[in-house]
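Written out below as structure tokens is the structure these notes cover.
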Amino acid sequence: MRRWTILLALAGCVLAGVTPATAETVWISDTAPYELTGADLFKLRNQMPAEMQTALKPLRNVSYPDEAAFRARFRALVPDAGERSEWEDRLASTAARPGVSFGTEALKTGILTIRIAGSDHALDTDPFTSKSWLSALPPPADAPLRGVTATMDGTCLDVSSAAGEALFSLCDARTGADGTSVALKAEADAVYGLGQQFGREGDATANRIGEKRDGLNAMTGFNGGANGNTLIPIAYFDRAGTPFALFLDNRYPQVWDFSSDPWQLGVKGGGFRLHVLTASSLAELRRRYMALSGPPPVPPKAMFGLWLSEFGFDNWREVDGHVASLEADGFPLSGVVLDLQWFGGIGGRGGSSLMGSLDFDTKAFPDPAAKIAAFKARGIGVMPIEESYIDKSLPEFTDMAARGFLARDASGAPLLTAPAPQWWGWGGMIDWLTPEAGAYWHDVKRQPLVDMGVAAHWTDLGEPEMYNPANLYGPGLDENAAHNSYNLMWLESIADGYRRAAPSKRVFMMSRSGAAGMQRFGAAMWSGDTGSDYWSLLGQMPQQTHMMWSGIDYYGSDVGGFHRGALRHYDDAPSREAAMDELYTQWFAYSSLFEVPVRPHTENLCNCKQTAPNRIGDLGSNRANIQLRYVLLPYYYSLAHAAWHDGEPVFPSLDYWYPQMAGTASQTRMIGRDLIGAGVAEYGVESADVLLPAGTWYDFRTGAPHISDGGMVSMPVWRDGLFSLPLFARDGAVIPIDDEGQSVIEVFGTGDGHFDWFDDDGETLAYQDGFYDLIRIDKRGDTLVLDRALGRTLTPKRLSWHLPDGVVAMGVKIDGKPVQFTASGNSLTLELPPLGTSLTIALQR
């Protein structure tokens with residue numbers, strides 16, 4: 001099991017709130033580049049001869065490292081001595097740019113940090129905006145440069161690996177009042193990460209090359225909906241040779257422009273601090289990033305199930321009706337999500353809006369504590385929504401304003417988000433960048449909900465979606481400095497509140513926005529108010545890939561889409577209703593395999609739309625797909641422990657474990673290392689293409705073997721009248737499942753494999769102190785060894801082994817003794833004796 005060397009070494013200083021020491025910056029160069037821009041020449045168009053304007057075209061928009069280089073190029077382009085005499089000094093003066101310096105810092109573990117500043121070398125000294133996003137940034141290296149190296153070449157900083165391999169160059173840096181920018185020159189086949197930003201309609205390609213990543217957290221229109229733009233400034237560069245990652249450690253809005261040539265990086269304030277990571281593979285780069293930013297704690301077990309949601313349930317009676325209906329139709333259910341109706345909505349009691357009351361409307365939702373307890377006894381959790389806005393008519397607004405806990409002006413007076421009422425009401429915003437504000441709000445308003453037994457928290461509108469541009473936060477930070485940190489500080493305040501007031505309970509937050517490192521607080525993300533359309537489902541798939549590389553394991557969507565009016569890509573459908581039914585069925589199947597939590601959601605203020613999986617789409621297919629999710633729960637939950645212990649992704653892209661498959665379509669997805677599936681997003685589709693690495697794979701549902709040559713495999717999506725996405729198990733895979741309450745081990749093929757099977761109480765943090773069950777399963781060809789490493793509760797009852805064509809088991813021995821088994825086709829099944837400390841199961845051919 002990989003241990004977090006960096007994380008553990010720095011645990012003391014991180015937990016104590018001490019920022020790790022920073023290596024001394026070595027300023028490599030103080031360049032004063034010369035560049036004559038097109039705008040400069042345009043201003044001189046009425047003074048300069050037209051033929052000279054033409055002659056100087058090769059000179060414009062090109063940076064030269066010094067005045068001598070600029071003058072030499074000018075003289076080469078202007079042979080006439082008289083024109084040179086008239087214009088050379090003038091243009092040299094016009095082309096002179098402010099001095100820019102490159103600085104480097106060598107950190108341990110081979111990380112190189114690059115800074116760009118003016119010639120005065122002034123860095124951002126604000127205690128908040130200069131704070132790293134990374135919770136475990138390593139201390140200075142013992143030598144000036146170890147690992148990655150950097151040298152100047154004219155106006156470029158050339159960066160190379162420890163072996164001397166050229167990686168990339170930063171050229172023509174500029175810094176000024178509007179921020180700092182630099183050209184990035186690199187050879188790469190693909191760029192992954194940088195959070196989520198939807199933009200390629202009808203395209204499932206996960207590759208940032210060709211895109212401009214606008215790094216201001218916001219909700220943006222996409223395909224008839226509104227999807228989240230959330231910056232997480234880690235980019236992975238997949239290339240021939242050594243892959244590398246760049247982390248732009250700056251809290252201001254950023255720009256990563258891969259649509260230009262050369263590429264451009266920019267920050268719109270604060271210091272320019274770029275961490276360079278290298279490794280032997282993209283997977284190892286992500287592991288390094290997870291060690292720096294923090295692994296995700298294991299979510300409550302219930303979060304891996306089905307959570308029913310809509311905008312919105314008006315009262316307990318409506319919730320009960322949906323729950324009863326799902327149970328009657330045989331659907332498992334883990335929880336219900338309450339939208340803003342739970343606190344009375346945005347009109348009625350106490351003023352124009354109840355936004356910010358954060359208290360149950362007991363007329364529509366009476367005796368909430370008893371109801372939450374009754375649901376919990378049935379295995380159903382409750383997750384209420386909350387926002388950062390407080391209507392000015394509420395006593396909460398007056399209280400928070402008096403304490404200085406709202407976004408404010410320079411005099412300290414709270415600011416309203418707009419000069420007129422907005423859709424949610426009219427009021428101000430909680431200042432999450434003031435820690436005392438977050439602590440007070442949690443203790444007074446949220447903790448009573450935790451005490452009632454709510455299972456999780458739904459944090460909405462946290463980009464923030466709407467704000468007063470004049471807002472000041474915390475110690476006086478303006479909107480530009482605070483914006484991208486706002487939602488993260490909200491999430492951190494919730495995690496801090498749990499540590500303070502409910503220290504043994506796991507926290508889970510489903511957020512619409514966030515920032516780098518949010519996963520370490522127990523936060524997941526969903527993609528926003530997406531449109532109900534096939535292209536929106538398709539767009540979810542590559543963004544999940546980017547979010548995985550950005551460190552977010554738990555990522556979901558409004559299953560079926562929030563805006564039903566967005567449906568438009570459904571050629572050949574007999575009706576809009578038929579197209580919506582099939583879209584929902586495909587989306588629900590995708591979410592049931594690849595998202596956490598599985599959460600159908602739509603706008604339903606009219607109470608005229610359906611979102612529960614037994615009321616829209618193909619009922620039998622929806623039921624079978626969510627039942628498969630619950631069957632696989634032990635596998636998913638073990639992957640969550642691996643994510644916490646080792647930083648491995650729960651839903652990796654194919655090239656994480658199979659680098660040779662780089663650049664593949666994002667419709668093929670993995671679940672852990674041992675399962676591969678694929679999504680579809682097209683009306684009337686009859687088959688799904690899944691890219692299988694070369695070797696033997698097994699249909700998870702049937703156990704049937706399939707030999708792949710490393711190409712696409714087309715699988716029917718309708719089987720026995722049910723819609724089902726393809727799902728294959730690797731040769732050598734060991735998959736624990738839940739079969740109607742019994743623990744069963746599914747084994748595939750004769751290859752080698754290993755799996756760590758974890759379980760715990762599902763709700764508390766005891767697992768972090770080693771209180772969990774762990775069975776290590778090693779597979780070597782025809783032999784399977786089960787070792788109980790921790791705990792006594794987890795006990796497998798049965799084993800099913802699926803064999804390749806032509807392989808016949810003549811017998812099975814457990815600990816050397818023959819046992820009975822049942823054979824059917826290429827599969828065999830046997831009951832397992834009680835597991836003490838170890839069992840060895842061997843096939844006899």
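Structural remarks
- Being of a type in the set (A, V, I, L, M, F, W, C), touching a helix residue (DSSP H, G or I) at 6+ places or on another chain (Cβ under 6 Å) and either over 29 Å from PHE728 (Cβ atoms) or surrounded by 19 or more Cβ atoms within 10 Å (Cβ to Cβ) (or both) holds for only one residue in ALA589, ALA566, and it is ALA589.
- Selection within the stretch 456-499: residues that are in a helix (DSSP H, G or I), touching a His at 6+ places or on another chain (Cβ under 8 Å) and of a type outside the set (A, V, I, L, M, F, W, C). The member of this set that is farthest from PRO300 (Cα to Cα) is SER493.
- Of the residues making up the stretch 395-416, those that are under 35 Å from the mean Cα position of the chain (by Cα) and in a loop (DSSP other than H, G, I, E, B) number 7.
- Here PRO421 meets the list (1) closer than 27 Å to VAL382 by Cα; (2) modelled with pLDDT under 95 almost entirely, failing just condition (1).
A quick yes/no check of all residues on (1) part of a strand (DSSP E or B); (2) under 28 Å from TRP263 (Cα atoms); (3) of a type in the set (Lys, Arg):
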| site | (1), (2), (3) |
| --- | --- |
| ARG84 | no, no, yes |
| PRO98 | no, yes, no |
| ALA106 | yes, yes, no |
| LEU137 | no, yes, no |
| THR151 | yes, yes, no |
| ALA173 | yes, yes, no |
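- Picking from residues in the stretch 227-261 that are acidic (Asp, Glu) and open to solvent by 10 Å² or more (accessible area, probe 1.4 Å), the one that is nearest to PRO659 (Cα to Cα) is ASP238.
- Test: LYS363 is charged (D, E, K, R) and assigned to a helix (DSSP H, G or I): no
- Complete set of residues in the stretch 341-360 that are open to solvent by 10 Å² or more (accessible area, probe 1.4 Å) and assigned to a helix (DSSP H, G or I): GLN341
- Selection within the stretch 389-429: residues that are among the hydroxyl-bearing types (Ser, Thr, Tyr) and more than 12 Å from TYR467 (Cβ to Cβ). The member of this set that is least open to solvent (accessible area, probe 1.4 Å) is SER393.
- Candidate set: the stretch 277-293, residues that are touching a residue at least 60 places away in the same chain (Cβ under 8 Å) and not in a helix (DSSP H, G or I); chosen: the one nearest to ALA166 (Cα to Cα): THR278
- The single condition from (1) touching a residue at least 24 places away in the same chain (Cβ under 8 Å); (2) touching an Asp or Glu at 6+ places or on another chain (Cβ under 7 Å) that ASP773 fails is (1).
- Single match in GLN254, GLN196 (criterion: closer than 22 Å to GLY531 by Cβ and either modelled with pLDDT under 95 or within 19 Å of the chain's Cα centre (by Cα) (or both)): GLN196
- Restricted to strands (runs of 3 or more DSSP E) entirely inside the stretch 634-709, those with at least 3 residues that are under 30 Å from VAL191 (Cβ atoms) are 668-671, 675-678, 687-691.
- Evaluation of LEU333 against (1) part of a helix (DSSP H, G or I); (2) within 24 Å of ILE616 (Cα to Cα); (3) open to solvent by 10 Å² or more (accessible area, probe 1.4 Å) (one fails), failing number: (1)
- Hey, ILE380 out of contact with any His (no Cβ under 9 Å at 6 or more places or on another chain), over 16 Å from GLY356 (Cβ atoms) and β-branched (Val, Ile, Thr) or not: yes
- Selection of the stretch 739-772 for residues being of a type in the set (Ser, Thr, Tyr) and under 30 Å from GLY453 (Cα atoms) yields SER743, THR764, TYR767, TYR772.
Yes/no per residue for (1) out of contact with any strand residue (DSSP E or B) (no Cβ under 9 Å at 6 or more places or on another chain); (2) charged (D, E, K, R); (3) surrounded by 23 or more Cβ atoms within 10 Å (Cβ to Cβ):
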| site | (1), (2), (3) |
| --- | --- |
| LEU449 | no, no, no |
| ALA470 | no, no, no |
| LEU477 | yes, no, no |
| ALA482 | no, no, yes |
| LEU488 | no, no, yes |
| LEU491 | no, no, yes |
| ASP496 | yes, yes, no |
| PRO503 | yes, no, no |
| MET525 | no, no, yes |
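- Of all residues in the stretch 279-320, those being of a type in the set (S, T, N, Q) and surrounded by fewer than 24 Cβ atoms within 10 Å (Cβ to Cβ) number 3.
- CYS608, sole failed condition from (1) in contact with a strand residue (DSSP E or B) (Cβ under 9 Å, 6 or more places away or on another chain); (2) free of Cβ contacts under 8 Å to residues at least 24 places away in the same chain; (3) within 30 Å of SER575 (Cβ to Cβ): (1)
- Looking at PHE168, PHE198, PHE128, just one residue is crowded, with 18+ Cβ neighbours inside 10 Å and not in a loop (DSSP other than H, G, I, E, B), and that residue is PHE168.
- Against the test of being open to solvent by 20 Å² or more (accessible area, probe 1.4 Å) and within 13 Å of LEU727 (Cβ to Cβ), the options VAL631, VAL690 yield a single qualifying residue, VAL631.
- When residues of the stretch 24-48 are limited to those that are of a type in the set (D, E, K, R) and in a loop (DSSP other than H, G, I, E, B), the one least open to solvent (accessible area, probe 1.4 Å): ARG45
- Scope the stretch 205-247; condition under 17 Å from the mean Cα position of the chain (by Cα), over 26 Å from ILE111 (Cα atoms) and not in a strand (DSSP E or B); matching residues: THR205, ALA206, LEU216, ASN217
- First in the stretch 674-689 and in contact (Cβ under 8 Å) with a residue 24 or more places away in the chain and under 14 Å from SER591 (Cα atoms), second anywhere and in a strand (DSSP E or B) and open to solvent by 10 Å² or more (accessible area, probe 1.4 Å), Cβ under 6 Å, 6 or more apart: none
So that you can scan it fast, the table gives a plain yes or no per residue for (1) small (Gly, Ala, Ser); (2) in contact with a helix residue (DSSP H, G or I) (Cβ under 6 Å, 6 or more places away or on another chain); (3) open to solvent by less than 40 Å² (accessible area, probe 1.4 Å):
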position: LEU134; (1), (2), (3): no, yes, yes
position: LEU137; (1), (2), (3): no, no, yes
position: SER160; (1), (2), (3): yes, no, yes
position: ALA188; (1), (2), (3): yes, no, yes
position: VAL191; (1), (2), (3): no, no, yes
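- If only residues of the stretch 417-431 that are part of a loop (DSSP other than H, G, I, E, B) and under 17 Å from LEU477 (Cα atoms) are counted, the one that is farthest from the chain's Cα centre (by Cα) is THR417.
- Here GLY269 clears all of (1) farther than 28 Å from VAL507 by Cβ; (2) touching a Lys or Arg at 6+ places or on another chain (Cβ under 7 Å); (3) not basic (Lys, Arg) except the condition numbered (2).
- Of the criteria (1) in contact (Cβ under 8 Å) with a residue 60 or more places away in the chain; (2) in contact with an Asp or Glu (Cβ under 8 Å, 6 or more places away or on another chain); (3) assigned to a helix (DSSP H, G or I), which one ARG115 fails: (3)
The values are calculated or read from the model by the stated rules, or taken from the named source; none is laboratory data. A quick note: this is a predicted structure, and the numbers were derived from the prediction, not measured. Counting neighbours? That spans all protein chains shown, and the Cβs are built from the backbone with ideal geometry, glycine included. We work out accessible area using only protein heavy atoms, side chains counted, and drop any ligands, DNA or RNA first. Shrake-Rupley method; radii C 1.70, N 1.55, O 1.52, S 1.80 Å.
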